[in-house]
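Take a look at the structure set out below.
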Amino acid sequence: MLDDLKDNNRNWAAGKVAVDPGFFKRLEGQQAPKYLWIGCADSRVPANEIVGLDPGELFVHRNVANLAPPQDANYLSVLQFAVDVLKVEHILVVGHYGCGGVAAAVDGQRRGLVDHWLHPIREVHHDHRHELEEIGDDRARWDRLVELNVIRQVRNVASDVFVQDAWARGQKLAVHGWVYSLSNGLVNDLGVTVHGHAELDRLNP
Ligand code: ZN
């Protein structure tokens, strides 16, 4: 079963050891990533590959449409571990243009449980309906909603008590909002980085 994947795995592990014989031994000892990636589950957005980081260098949380819902125990557990234990210095909220989750949130079709999961995006859509309605092109409107969703999730992360407490005790931590482009493989930094409590107010998504 899945022999091709197992072959790939053996080749990958052998390749790593060929370049760096101590690679896995070192990682087995501990992980010390500087970055937490909160991204979409979309198969076209491979976190480590996009930013050229090896295993051990990026702590990753992915879900449909890269949400950071303040009541989601999975996301909160990842966030607390990353901030309190790993002491990451950067949290990257990374959306992607052409996100099917973002589109599904507002297309009016019913899909079941995921409609509840995507509810926060409908709120973002509603809050920005005037700006979005002025965008005539469907694709451009969709891409803007992707950006607005990322900015909202940056605000969610930055206003979370785990992050607030880290800043209060002087821990170095920044929250960034990026959008990845499937068409050219590049990330677009939305310029909404938050380094501390005082900067949170200017985020208004
Ligand atoms: Zn997506």
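The values are calculated or read from the model by the stated rules, or taken from the named source; none is laboratory data. Keep in mind it's a predicted model, so treat the numbers as computed, not measured. A quick note on method: Cβ atoms are made from the backbone with ideal geometry, for glycine too, and the neighbour counts reach across all protein chains shown. Calculation scope for accessible area: heavy atoms of the full protein, side chains included, ligands and nucleic acids excluded. Shrake-Rupley method; radii C 1.70, N 1.55, O 1.52, S 1.80 Å.
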task = Rounded to the nearest 10 degrees, what's the angle between the helix 3-19 long axis and the longest principal axis of the chain, both from Cα atoms, 0 to 90?
result = 70
query = Of the heavy-atom accessible surface of the chain (probe 1.4 angstrom), what whole percent is carbon and sulfur?
reply = 53
ask   = Under a 1.4 angstrom probe, counting protein chains only, how are His130, His96 ranked by accessible area, largest first?
value = His130, His96
ask   = Over what distance in Å are the Cα centres of the stretch 103-124 and the stretch 65-80 separated?
value = 18
task = Would you mind computing Rg(Cα) / (2.2 N^0.38 Å) for the stretch 102-164, counting N as its residues?
result = 1.21
ask   = Quick one: longest stretch of the chain between exposed loop trypsin sites (Lys or Arg not before Pro), exposed meaning at most 16 other C-beta atoms within 10 Å and loop per DSSP?
value = 112-168
task = Provide the per residue accessible area, probe 1.4 Å, for the stretch 31-200, rounded to a whole number of square angstrom.
result = 48
query = Counting DSSP beta bridges in the chain, what percent are antiparallel, to the nearest 5?
reply = 20
inquiry  = Out of the GluC sites (Glu not before Pro) in the stretch 122-158, which ones are loop residues according to DSSP with at most 15 other C-beta atoms within 10 Å?
reply    = Glu134
task = Using only the alpha carbons of the stretch 1-111, determine the length spanned along each of the three principal axes and report them from longest to shortest in whole angstroms.
result = 52, 38, 24
inquiry  = Normalised by the empirical 2.2 N^0.38 Å for globular proteins, what value does the Cα Rg of the chain take?
reply    = 1.11
